[in-house]
2 protein chains.
Amino acid sequence: MSNQLPPAETGAEDVCCTPLASEPLSGDQAAELAHKFKAIADPVRLRLLSMIASHDGGEVCVCELTPRFALTGPTISHHLRVLREAGLITGERRGTWIYYRSHPAELARLSGVLVPELAMAVTA
Amino acid sequence: MSNQLPPAETGAEDVCCTPLASEPLSGDQAAELAHKFKAIADPVRLRLLSMIASHDGGEVCVCELTPRFALTGPTISHHLRVLREAGLITGERRGTWIYYRSHPAELARLSGVLVPELAMAVTA
């Protein structure tokens, strides 16, 4: 049995990568993207995501994350679950702890949605 | 007297452009970014932003936006104000109507925050 936590319903395949600046979003696309942006629109979750994404080796134990905040373990776990359910991080249980990694493809997708068309033309 | 609506307090100069994947955000950086991501973490505001950013000529009259939604004028105005206060769009009153433009530099800043380090290395 794998220790990988069950994958969250990211709905990634439904999210259009089209930049906002290229064409109006459909209602479904906007709802899906709003769900993902809500996951990162929180100071604690942004800090957690940056700690995970920038960690040496690309992986970090929850036991290293919790002491960085003046918050309880369950509160940190809640925020990590929101990030995981949005498909922005993955978690794997090994022994006592869960180890988290960011999901670069999902970050790249959200980044691409916000790219202004001008910037796209410059880097194309 | 200019018809340009007063600039919102974007706090853009305080937002670090450092990608999440390069180093952990400070508390202040995370709070500032969370405020901006909250502004776009709504389906109506994402649709409005995409309609404005993708419009021919880069500008769109509020009179063209409101009929695209099953929402009242005041509700649309509220959502536009949230986007304006986050520094993502600007508005200029000309006669009866307000005309909106997106703010590409601010979109680029948020896009840059989410870029995974791998993608940065590839395009550098």
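A short reminder: the numbers here are calculations on the coordinates, not readings from a lab. Note that the coordinates shown come from a computational prediction; the quantities given were computed from them, not determined experimentally. Ideal geometry is used to build each Cβ from the backbone, glycine not excepted, and the neighbour counts take in all protein chains shown.
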**Report entry** In nm, spacing of pseudo-spin labels at A:C63 and B:C63 (7 Å Cα→C-beta vector)
**Finding:** 6.6 nm
Query raised in the report: Could you give me the ³J(HN,Hα) list for segment A:50-63, computed from phi with Karplus coefficients 6.51, -1.76, 1.60 and θ = phi - 60°, whole Hz, x at Gly and Pro?
Result: 5, 5, 6, 5, 9, 6, 4, x, x, 9, 9, 7, 4, 5
Query - segment B:27-123: proportion of alpha-carbon pairs further apart than 19 angstrom, % - result: 44 percent
Report task. Note down the nm distance, to one decimal, between modelled labels 7 Å out along Cα→Cβ at B:E85 and at A:D28. Result -> 3.3 nm
Report task. Using Cα pairs closer than 8 Å and at least 6 residues apart in sequence, work out the relative contact order for segment B:27-123, in percent. Result -> 27 percent
Query raised in the report: What is the extension gain from A:R94 to A:T75, computed as 0.36 nm multiplied by their sequence separation minus the C-alpha to C-alpha distance, in nm to one decimal?
Result: 4.8 nm
Query raised in the report: Counting only residues 5 or more places away or on other chains, whose amide H sits under 5 Å from the amide H of B:I98 once H atoms are built in the peptide plane?
Result: B:V62, B:C63
Report task. Between copies, how far apart are the B:C63 label points? List them in nm, one decimal, shortest first, with each point 7 Å from Cα toward Cβ, please? Result -> 6.6
Query raised in the report: For the pair B:A105 and A:D56, what calculated FRET efficiency results from E = 1/(1 + (r/R0)^6), where r is the Cβ-Cβ distance and R0 = 35 Å, to the nearest 0.05?
Result: 0.65
Query raised in the report: Where the label is 7 Å out from Cα toward Cβ, how close does A:A108 come to the same position in every other copy, in nm, shortest first?
Result: 2.2
Requested in this report: One decimal, nm, shortest first: give the distances between the label point of A:T18 and those of the same position in the other copies, each label point 7 Å from Cα along Cα→Cβ.
Outcome: 3.6
